[in-house]
Amino acid sequence: MCRLLAVVSPAPRTPREVLGDAVVDVYRSMSRLHADGWGAAWIEEAGSEGGVPVLRSHRSPSSAADDPAFDERTVSPSRATLFHLRWASTGMDVTGLNAHPFVTDGVAVAHNGLIGPASEVEELLPDDVRDLPRGGTDSERMAALIHHHLRAGADLGEAVALATGALRERFPASSLNMLALSSRTLVVVRASADAVADTDGMRAAGLTDDTAPASHLDGGYFRMGVRRFDDGSIAFSSSGIPRDGFQLLPDETVTAVDLTTLRIDQRPVLPGSAEPATATIPV
């Protein structure tokens, strides 16, 4: 179980400028519980290759609470930045290889949830991406499935939708909440309608109703919210941060944001499902 945060802006801005210090500090504080690694991916403009924006990333097996690199990233301007705080699922090692995001071919993928044993997710991987995973997580194998569809010619939004659709059919009760970022697009998945958070594990870790981050023990752990700011910036976050100004993303949806126009496109995870309630996203 993990925490996700992403910010996109019309021009390079820091996450603290967009969200405010209070929100970023609350997010960072959750790394005391989600302490099994952290990572970030962002778009770099200055000095990019041939003048074209490129994706950069960083990941670490340490807690963000103890890593100055996390604080540096929150005050570094970019048109798009995503963060991931990891709380390792039982049986999955705390190593750099298992830290998110997983980056291949200029695309970063970060996941929140337990899909199933990594071996079962790997069964869905076509031969062209079976050798991509280097760590032991189900999440990295989900990322590999996305890359299969990218290599077949899909754009990032479509590739994520195809991968999450296949995973939803195989794993109907799993959380597929995730972020994917390329130099052109941010994709956000809220797909956790039947997922159940490990509240027993949270209480065993010392959380109480008084000390737990918002929505961690009340059934809202897998909620994903969206907020558009006056300057056009858009933020997406899993639960735990202050919710002022945020609206819930519709469940079982894939939301793609064009980083140039900030145009939003939203579709259901499973083709043929009811069209998502896009009116919940401020435009």
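The values are calculated or read from the model by the stated rules, or taken from the named source; none is laboratory data. Treat the numbers as computed from the prediction; the structure is a model and nothing was measured. Neighbour counts are summed over all protein chains in view; Cβ atoms, including those assigned to glycine, are modelled from backbone coordinates with ideal geometry. With ligands, DNA and RNA removed, areas are computed over all heavy atoms of the protein, side chains included. Shrake-Rupley method; radii C 1.70, N 1.55, O 1.52, S 1.80 Å.
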Inset, instruction - Write down the Å³ per residue value for the convex hull defined by the alpha carbon atoms of the stretch 3-268. - result: 120
Legend entry - Cα gyration tensor shape for the stretch 10-99, rounded if a/c is under 1.5, else prolate or oblate: oblate
Legend entry - Sum of side-chain charges, Pro12 neighbourhood, beta-carbon under 9 Å (Lys, Arg +1; Asp, Glu -1): +1
Legend entry - In Hz, Karplus ³J(HN,Hα) per residue of the stretch 72-78 (6.51, -1.76, 1.60; θ = phi - 60°; x = Gly, Pro): 4, 5, 6, 10, 9, x, 6
Legend entry - Per residue accessible area in Å² of the stretch 3-268, where ligands, DNA and RNA are left out and the probe is 1.4 Å: 40
Inset, instruction - Let me have the relative contact order for the stretch 56-145, percent, based on Cα pairs under 8 Å that are six or more residues apart. - result: 26
Inset, instruction - Using only the C-alpha atoms of the stretch 90-149, find the volume of their convex hull and express it per residue in Å³. - result: 80
Legend entry - Accessible surface of the chain [probe 1.4 Å, protein heavy atoms]: carbon and sulfur percent: 49
Legend entry - Distance in nm between pseudo-label sites at Val75 and Ser29 (7 Å out along the Cβ direction from Cα): 2.0
Inset, instruction - Would you mind calculating the relative contact order of the chain from Cα pairs under 8 angstrom and at least 6 residues apart, reporting the percent as a whole number? - result: 20
Legend entry - Using θ = phi - 60° and Karplus 6.51 cos²θ - 1.76 cosθ + 1.60, couplings along the stretch 210-226 (whole Hz; Gly, Pro as x): 8, 10, 5, x, 3, 6, 7, 10, 10, x, x, 4, 8, 5, 10, x, 9
Inset, instruction - Express the relative contact order of the stretch 1-117 as a whole percentage, based on alpha carbon pairs under 8 Å and six or more residues apart in sequence. - result: 39
Inset, instruction - Could you run the Debye sum over the Cα atoms of the stretch 99-219, one equal point scatterer each and no solvent, and tell me log10 of I(q)/I(0) at q = 0.18, 0.21 Å⁻¹, two decimals? - result: -0.92, -1.15
Inset, instruction - Calculate the radius of gyration of the Cα atoms of the stretch 152-283 to one decimal place, then report Dmax, the largest Cα-Cα distance, as a whole number, both in Å. - result: 15.6, 49
Inset, instruction - Could you work out the local net charge near Arg223, counting Lys and Arg as +1, Asp and Glu as -1, over the other residues with Cβ closer than 12 Å to its Cβ? - result: +1
Inset, instruction - For the stretch 196-243, count the residues as N, evaluate 2.2 N^0.38 Å, and divide the Cα radius of gyration by that value, please. - result: 1.38
Legend entry - FRET E, pair Glu169, Glu122, Förster distance 22 Å, beta-carbon r, rounded to 0.05: 0.85
